[in-house]
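To start, the structure under review is shown below, and the notes come after it.
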2 protein chains.
Amino acid sequence: MRRSPLFALLLILIAAPAFSDGGMWTFQEFPHALLKREHGTDVSPAWLDRVRTATIRLSNCTASFVSRDGLILTNHHCGAACLDEHSSKEHNLLAEGFLARTRDKELKCGTQIADVLMQMEDITAQVNAATQGLSDQAANDKRKATMTQLEQQCEQDGKKAKGGPFKCETVDLYEGGQYWMYKYHRYSDVRMVFAPERAIAAFGGDPDNFQFPRWDLDMSVLRAYGPDGKPAATPNFLSINPAGPQAGDLVFVSGHPGSTSRLLTVAELETQRDIILPRWLLRAAELRGRLIQFGKSSPEAARIVEDPLNTLENVIKVRRKLLDALLDERLMQAKRKDEAALRAQVAADPQLAQALGDPWASIAKAQQREEQLYLPYVWIEQGAGLGAGYPGKLFGYARTLVRAAAERTKPNTERLREYSDAALPRVEQRLVAPVPVYPELEKINLSFSLERMREWMGPDAPIVRQLLSHDSPDTLAAKLVDGTQLSDPAVRKRLWDGGAAAVDASTDPLIVLARSVDAEARAARKSYEDEVEAPETAAAEKIARARFKVFGTSEPPDANFTLRLNFGTVQGWQEGDHAVPPFTQLAQLYTRATGQDPFRVPEAWLSAKPALNMETRFNLSTNNDIVGGNSGSPLINAKGEIVGLMFDGNIHSIAGDYWFDPQLNRAVAVDPQIIFEGLRKVYKASELLSELGSK
Amino acid sequence: MRRSPLFALLLILIAAPAFSDGGMWTFQEFPHALLKREHGTDVSPAWLDRVRTATIRLSNCTASFVSRDGLILTNHHCGAACLDEHSSKEHNLLAEGFLARTRDKELKCGTQIADVLMQMEDITAQVNAATQGLSDQAANDKRKATMTQLEQQCEQDGKKAKGGPFKCETVDLYEGGQYWMYKYHRYSDVRMVFAPERAIAAFGGDPDNFQFPRWDLDMSVLRAYGPDGKPAATPNFLSINPAGPQAGDLVFVSGHPGSTSRLLTVAELETQRDIILPRWLLRAAELRGRLIQFGKSSPEAARIVEDPLNTLENVIKVRRKLLDALLDERLMQAKRKDEAALRAQVAADPQLAQALGDPWASIAKAQQREEQLYLPYVWIEQGAGLGAGYPGKLFGYARTLVRAAAERTKPNTERLREYSDAALPRVEQRLVAPVPVYPELEKINLSFSLERMREWMGPDAPIVRQLLSHDSPDTLAAKLVDGTQLSDPAVRKRLWDGGAAAVDASTDPLIVLARSVDAEARAARKSYEDEVEAPETAAAEKIARARFKVFGTSEPPDANFTLRLNFGTVQGWQEGDHAVPPFTQLAQLYTRATGQDPFRVPEAWLSAKPALNMETRFNLSTNNDIVGGNSGSPLINAKGEIVGLMFDGNIHSIAGDYWFDPQLNRAVAVDPQIIFEGLRKVYKASELLSELGSK
C-alpha cells in the first residue's frame, strides 16, 4: 500500500470540489465553461450529439460504432464471454482469437446487447410528487412503482418515436437529487467479428492488470444487427485516426463508468471498509484458489475456468485496492472533514437545517441495521450461499424462473422492479440464451457457496439445517447439478413459457430448491429494503438537496453505468522519483516476454515480428477520470475522431471510486497505431481494414 | 460480527485493570491474594510446584503427565502431525485412530518434544546493564547477543544441576519490562499411544470450531521417553478424576497460552488491522481454496491435505474474528482512551515523563516503516513467496541448511538467534526427522507462493524478475520440486553434517535458490530489525516502565507461549436471550449427526451406542482465560486433580487476544466422563485405563 503525495493532496482537494479534469459529466449538464477555462476550447451541441449516439452501452462495458454498417469497437475482455460461448474442447476462441472474413461467419453473442442513448428527460418532479409526505418505507415502495409506471408509459410512447422504439430506464443522479428517464435504442443481436489471441489482448494478465507501462491489444470488434437480421445502419459512427494522439492533446472519453462512491457518507464508507469489502474479498480469494486448482486438473478444465478466473481476479484486484484506500486513516479523516464542513453549512442555514433534520444520523443508523441484515441478504436473497454468485449459472436460472413465474401474475407496478414489463425481454434473453453450462464448475461453485454459508451463518442457522441435515456441501451440490435439466436452454424456455403452472409443477431439484427458499429470501430482501435501503434513500435525497444548495451542479453525480463524458490530456505521471512516459512501443513487448503465460507473446506475433515496425505505439495513458464500465470507451479528440480505446487505469485509478487524484490517477488506452499494425501485418484482416477506411 | 454487551463492558473494564478471573499469571508472581479475595481459598507453594512440573510444553501445545511412567494427556489436534507422519495411502491414522496396546507398539513422533519448566531466574538486571546507554539499534543487537550468551552459560551450568540438563530460554515479560531465564527439562523422544478417530475428536469440524455446545473427544495420549529409550519416570504426575467437575467449581488451567496483544499500543493494533491481518487472511483464504480443491481430486489427495487444512482453517477462523474485533470502532476507541489515560499519568509525573520521552510516538513511527518494509520481509525473509509458508516443507529445509551452514561458522553470540548453540539441537531434530514430504502439496504451495509474491511485490520487483524471467510459477515450482533431493532425510543429514563446504558445493535446485536469495533476504531482515523491531522494543520497554509505575504487577504480562496459571469456575454464559449451560451430554451427539463429514459419528461409536450411557458428560465450559497454545492444558481442581482437558474456546474467546471479557469469554474442555466412557466401552483400552488408575 503506497501512500505518499496522494493524501497530502487529498487534504487540499477535499475542501472544495475542484476537479482539474476529473469529473464524469452527463451530456445534458456538460460543463462547457469549465472546458473553455481549462483548455481554451469547447465542443458544440452537434459534437455532443454525434459522440453520444456513436457511444454504445454493452451489457458489461462501453463501445462505439466505427463504421456505417454497425461495426463496433470494444475491448477484448468485453467480448470474452461471447468468445467463451463459442468455444469448445476442440476450439478455444479465447486462446486462438477469431476473425470473420465474411459477414455470414460472424458469431452471434447469446446474451450481449448494444444500447444507444437517444433521449434524456428530467422526471425529478414526477418522482418527488409521488413520494411527497410518505414515510421512508412507503416512499421507497411508491418510488419504485412510479419508476415502473413511467418506464411503461415511456416505452409505450417510444414505439413510434423518432429513433425508437425505446428501452426506457429511470436514472437516479446525485443519490436521489435528480431522476431522469433515459431512452435507449437497443440492438439485441450483436455478433463477434474479430478478436486477437488472449495472450496479446491481455499480455501480462493479472500481474500487469492496472499497471502501466502496458502492452495489451485489448480489443475486439463486434457488429450490431437489426431485427431484420441485417447489419444495422449507423451513419453516426466515429472514424479511427490511425496515427493516434500526441502527448498533451486534449482528449475526451465517452462511456459508462460503472459506479463511484464519492458522495457516500462516512458511515457508508465505514460499512464498505468493515463489512462489505473484507467479507467479499475473503470469499473471492478462496473461490479464486478453487478455480485455479481446478484449472490445473486438465487442459479442458483450464479452458473452462479461464474467463471466470479473469473476471474474478480483476474484481479482486479492484476491491483489494479499495479496501487499502479505506483502511488509510488519512482518507477517512479527509472524508470526515468534508462531511463536517457540509454539515456546518447546513447548520448555518436554519431553514434548510429544519427541513433536512439529521440525514447523516439516519444513514448511520441504517448502517447498523445493514450489519445485522447483511448475512441473510447476501447468502439467501442474493443467493451467494446457493450458488447464484459468479460464475454459477444454474441456481440463477432456477431463481429467475421461480420469481418471474410469481411476479408476472401481478400488475406491472406491483412487481419486483427486475421483473417489470420493461425489464422482462432482457430477463428472457439471458435466461434462454444457448450458453454453455459446465457441470464441474457449477458443482465447485455450489459446494463452495453452501460451505461458506454454513461457515458465516453458522451450522445451526435454520436454512443451513434445512439444506445440510443429511448432506455435505459436496454431496448436495452433486445431487442438484446432476439432477437438474436447467442446463438445457429448451427446458428453460419451456418453463418460462409455461409460467407459474409449469414452474409450480416442476420437480427439477434446483426449481424445488429455489421454491423452498423463496419465502425466506423475499423476507430477507423486504427487511433490507425497508430498514436499510428506504431510510438511506430518504436521507441521501436530503443530503443531495444540501449539496445542490451549496455546490449546485458544479460537481458531477456519482457514476452509475449511465453515459458520461469527461476530458483530459494525454500524459504520463510522476511515480515517486521517476517519470512514467505516456506511450509504450511494440519493441518493449518482446523484451518483457518470458515465454510463459501470462507473459507469452502468441505465435502469430512472433512469426510476424520481422515485418513489424518496432516503434509502433502500443498503449498510452491520459488523465481522464474513468472507472470500470468505461472499458471499451472511445478516446476522442476535439475533432471527434477516435484516438484510443480505453481498457484500464493505472493502480492509482482504483481509488478513483472515492475521489479523483489529478497527480496520479491515469486512464490507459490501446493506441490506434498498434490496432492498425496488428490488423494489417499480423491478422491480415483486409476486409476489416477496408471497412475501417484504411488500406 | 456480533457486538452487544461486550463493548459496553469493555468501556468500563478498560479504565482500570480489573480481571474477574481473567489473567494469565506466571507461577513466580501468582496472585495469591486475588485468588483468596475472589474464591476464599489459596493454593500452596507445593501445589504450584507440583502442577508446574506436571505441565508440559509440546512444540505446538500444552500437555500434562498423567502417570508415573511418562504418560501424557493432550489434544488430538496436538498429536495430529504425529499421526499424519505415520499415515500412508493404506493406513490413515487420522481417520482410523490409533491404540498401542503394548509399549513396543508406541509410535515415535519425529518432530515432537516435551519440555517441563524446572526453574525461573530473573535476569532483567543483566540484560538492562548490557544495553544501557546504547542507541536503539545497537541495543537491539546487544540484547540478542546477551541473551545468547546467558543461555549458553545457563546450559553449561545446567548440565549437572538437579533436574537437569537444562534447555535454557530467555523470556521477555511485559514487552521488555522483565527478562527471565526459563530452564526446561526436555524430552526429545515422544511417542503416540492413543488417538481416537478424527471424526469424533473434531466432530463438527471447522463449522463447529470455536463453538459451544460441542461434542469433541479432542484427546490423544503420548508418552515421554528418556535418552535411554525407556519410558520417563514422572512421579509428579496429576491424576484424572473420572467424575469431572461440577458447575461452579473453582478450576485452574496450567499451560502455555501462545500470544496475546493486550498491551500493544493503538498504533500497533492499527498495523494489525490495516496491514497484517487483511493481507494474511487473503493469502490464507486462497490457499484454503487450492487445498480444498486439490483434496477433491482423489482419496489420497484428501488424506494429504487433511491435517494442513485443519490447521489452516483454524487460524483463518481466529484471525477473521481478530480482524472483526479490530474493525469495531468501539474497541479501538476504548484502547485509545486507555492509552490516553496512561499517557496522562506519565505526563503528571515530570521526572518519569522526562525519562521516557514519547515512546508512543516512536512506536507509531516504527509502524510507518513496518508498512514499507513489510512486503520484502514477509515474502523474501520469511519466505512466504518462496514456499516457506505452511504447509510447505522443502524450501524451509533449504533455507535452514544454507543459513545454518553460514551461521555455525560464527561465534555463538554473533549468530542469528535461531542458530545459537542452545537452539541448534532442535533445529537439527526438525531438519532430519523422517517426516513425509508430498511433492503435489509442495508444488501447490510453491506455485501459490511465487504467484502471490508476483502479485504483491509486482512483476517488476527484482526478485520476481530473477525467478520468473523464463518461467511461470507452475513451471518453476515443478522444476524445483521434481529436481530436489531434499525430501530425503538422509540427504538433509549429509548436507547438515557436511556444513558450509557441502552446502556451498550443492547443485540441488532448492539449495541453489535459497543461496541466491539469501543476501536479499538477510538485508530485508536487517532493515526490519533495525528500523521496526529495535525502536519498537526500546519504546515498549519504556511503556512497560510506565505501566509498572502505575499498575505494578497487578496486571499479568501478555502471553508468549511460556507457562501460566489462571483460575475461574465451571460455568456457561448468557448468549443474547438464552442461557448456554456448561455441560453437554453424549445423547446430543447422535442427534446432531448428519452422516456426512464433519458431522459424521464414526462407526465404532455407532456400534457401541447401545452400551453407552447417554447421560455421560461430553464437553464443558469455564470462564478461564486461555488462548491458542493452551490446547491440551489440564483443567485442575483445588485438590490438584485433572477435571478436564482444554481444547477450545467459544467464539467470544477469540477477542481474548485484545482483552478478557468475563461475561462472554469461555474456555472449552473435554470432560473426563467421556474420556473414560470412550476408553472403556468404545476402544476397550484396558491397559491404558489401568495405567490411568481406573478399572
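Just to be sure, is A:Leu281 within 30 Å of A:Thr537 (Cα to Cα) and within 11 Å of chain B (Cβ to nearest Cβ)?
Values: within 30 Å of A:Thr537 (Cα to Cα): yes; within 11 Å of chain B (Cβ to nearest Cβ): yes.
When the stated conditions are applied, A:Leu281 passes them.
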Inset, instruction - Hey, could you check the range B:549-583 for residues that are in a helix (DSSP H, G or I) and in contact with a helix residue (DSSP H, G or I) (Cβ under 7 Å, 6 or more places away or on another chain) and say which is nearest to B:His39 (Cα to Cα)? - result: B:Val550
Legend entry - the range A:147-175, residues that are of a type in the set (D, E, K, R) and closer than 14 Å to A:Val127 by Cα: A:Glu151, A:Glu169, A:Asp172, A:Glu175
Legend entry - Residue pairs meeting the criteria (Cβ under 6 Å; at least 6 apart or on separate chains; first away from chain B (no Cβ under 14 Å), in the range A:183-210; second surrounded by fewer than 21 Cβ atoms within 10 Å (Cβ to Cβ) and modelled with pLDDT under 95): A:His185/A:Gly163
Inset, instruction - Sort out which residues of the range A:297-329 are buried (at least 20 other Cβ atoms within 10 Å of the Cβ) and small (Gly, Ala, Ser), and write them in order of number. - result: A:Ala325
Legend entry - the range B:239-264, residues that are crowded, with 23+ Cβ neighbours inside 10 Å and touching a Lys or Arg at 6+ places or on another chain (Cβ under 9 Å): B:Gly244, B:Val253, B:Ser254, B:Gly255, B:His256, B:Pro257
Legend entry - Some residue of the range B:197-208 being part of a loop (DSSP other than H, G, I, E, B), under 25 Å from the mean Cα position of the chain (by Cα) and farther than 30 Å from B:Asp648 by Cβ: no
Inset, instruction - Just one of (1) part of a helix (DSSP H, G or I); (2) of a type in the set (D, E, K, R); (3) within 14 Å of another protein chain (Cβ to nearest Cβ) trips up A:Arg522, so point out which. - result: (3)
Inset, instruction - Output the number of residues of the range B:341-372 satisfying the condition of being without any contact (Cβ under 8 Å) to a residue 60 or more places away in the chain, of a type in the set (D, E, K, R) and under 19 Å from B:Ser135 (Cβ atoms). - result: 1
Inset, instruction - Could you grab me the full set of residues in the range A:430-456 that are within 22 Å of A:Arg290 (Cα to Cα), more than 10 Å from chain B (Cβ to nearest Cβ) and of a type in the set (A, V, I, L, M)? - result: A:Val437, A:Leu441, A:Leu446, A:Leu450, A:Met453
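Which residue is nearest to B:Ile444 (Cα to Cα), if the candidates are limited to the range A:289-306 and must be at the interface with another protein chain (Cβ under 7 Å from one of its Cβ atoms) and touching a Phe, Trp or Tyr at 6+ places or on another chain (Cβ under 7 Å)? Before the answer, list the steps.
Step one: list which residues in the range A:289-306 are at the interface with another protein chain (Cβ under 7 Å from one of its Cβ atoms), which gives A:289-290, A:292-294, A:297.
When the remaining residues are screened for being touching a Phe, Trp or Tyr at 6+ places or on another chain (Cβ under 7 Å), the result is A:290, A:293.
Working: A:Arg290: 12, A:Gln293: 8 Å.
Filtering the range A:289-306 for residues that are at the interface with another protein chain (Cβ under 7 Å from one of its Cβ atoms) and touching a Phe, Trp or Tyr at 6+ places or on another chain (Cβ under 7 Å), the one nearest to B:Ile444 (Cα to Cα) comes out as A:Gln293.
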Legend entry - Which listed residue, of B:Thr311, B:Thr260, B:Thr271, is of a type in the set (Val, Ile, Thr) and part of a loop (DSSP other than H, G, I, E, B): B:Thr260
Legend entry - Complete set of residues in the range A:635-656 that are crowded, with 24+ Cβ neighbours inside 10 Å and either under 16 Å from the mean Cα position of the chain (by Cα) or within 27 Å of A:Lys335 (Cβ to Cβ) (or both): A:Met646, A:Phe647, A:Asp648, A:Gly649, A:Ser653, A:Gly656
Inset, instruction - Tell me, yes or no, whether the range B:674-681 has at least one residue that is over 22 Å from A:Glu455 (Cβ atoms), modelled with pLDDT of 95 or more and within 27 Å of the chain's Cα centre (by Cα). - result: yes
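If you take just the helices (runs of 4 or more DSSP H) that sit entirely in the range A:321-419, which of them hold at least 2 residues that are within 14 Å of chain B (Cβ to nearest Cβ)? Spell out how you get there, then give the answer.
On the way: elements: A:329-347, A:350-356, A:359-376, A:394-407.
Ranges flagged: A:329-347, A:359-376.
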Inset, instruction - Only residues that are free of Cβ contacts under 8 Å to residues at least 12 places away in the same chain and among the charged types (D, E, K, R): list them for the range B:142-166, please. - result: B:Asp157, B:Lys159, B:Lys160, B:Lys162
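Have a look at A:Glu442, A:Glu451, A:Glu418, A:Glu414 and point out the one that is farther than 30 Å from A:Ala501 by Cβ and among the acidic types (Asp, Glu).
Details: A:Glu442 fails: farther than 30 Å from A:Ala501 by Cβ; A:Glu418 fails: farther than 30 Å from A:Ala501 by Cβ; A:Glu414 fails: farther than 30 Å from A:Ala501 by Cβ.
Going through A:Glu442, A:Glu451, A:Glu418, A:Glu414 in turn, just one is farther than 30 Å from A:Ala501 by Cβ and among the acidic types (Asp, Glu): A:Glu451.
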Inset, instruction - Please specify each residue of the range A:507-530 satisfying the condition of being of a type in the set (Asp, Glu) and within 27 Å of the chain's Cα centre (by Cα). - result: A:Glu529, A:Asp530
Inset, instruction - Go through (1) in contact with a Ser or Thr (Cβ under 9 Å, 6 or more places away or on another chain); (2) of a type outside the set (A, V, I, L, M, F, W, C); (3) within 25 Å of A:Leu563 (Cα to Cα) one by one and return the number of the condition A:Gln156 breaks. - result: (1)
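Kindly establish whether A:Asp104 is free of Cβ contacts under 8 Å to residues at least 40 places away in the same chain, farther than 22 Å from A:Ala423 by Cα and either out of contact with any strand residue (DSSP E or B) (no Cβ under 9 Å at 6 or more places or on another chain) or in a helix (DSSP H, G or I) (or both).
Numbers: free of Cβ contacts under 8 Å to residues at least 40 places away in the same chain: yes; farther than 22 Å from A:Ala423 by Cα: yes; either out of contact with any strand residue (DSSP E or B) (no Cβ under 9 Å at 6 or more places or on another chain) or in a helix (DSSP H, G or I) (or both): yes.
When the stated conditions are applied, A:Asp104 passes them.
Results for (1) surrounded by fewer than 22 Cβ atoms within 10 Å (Cβ to Cβ); (2) under 19 Å from A:Ala267 (Cβ atoms), shown as yes or no for each residue.
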site: A:Pro359; (1), (2): no, yes
site: A:Arg369; (1), (2): yes, yes
site: A:Ala384; (1), (2): no, no
site: A:Glu418; (1), (2): yes, no
Legend entry - Pairs with Cβ under 7 Å, 6+ apart, first in the range B:590-608 and in contact (Cβ under 8 Å) with a residue 40 or more places away in the chain, second assigned to a helix (DSSP H, G or I) and surrounded by fewer than 16 Cβ atoms within 10 Å (Cβ to Cβ): B:Val601/B:Tyr590
Legend entry - Among (1) more than 8 Å from every other protein chain (Cβ to nearest Cβ); (2) surrounded by fewer than 22 Cβ atoms within 10 Å (Cβ to Cβ) - the single one A:Ile275 does not satisfy: (1)
Inset, instruction - Starting from the range B:682-693, take each residue that is acidic (Asp, Glu) and list its partners that are in a loop (DSSP other than H, G, I, E, B), counting only C-beta distances under 8 angstrom and pairs at least six apart or across chains. - result: B:Glu687/B:Arg101; B:Glu687/B:Thr102; B:Glu691/B:Ser67; B:Glu691/B:Asp69
Inset, instruction - Could you figure out which of (1) modelled with pLDDT of 95 or more; (2) within 20 Å of the chain's Cα centre (by Cα) isn't true of A:Arg143? - result: (2)
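The values are calculated or read from the model by the stated rules, or taken from the named source; none is laboratory data. Being a predicted model, the structure only gives us computed values, none of them experimental. We place every Cβ from the backbone using ideal geometry, glycine too, and count neighbours over all the protein chains shown.
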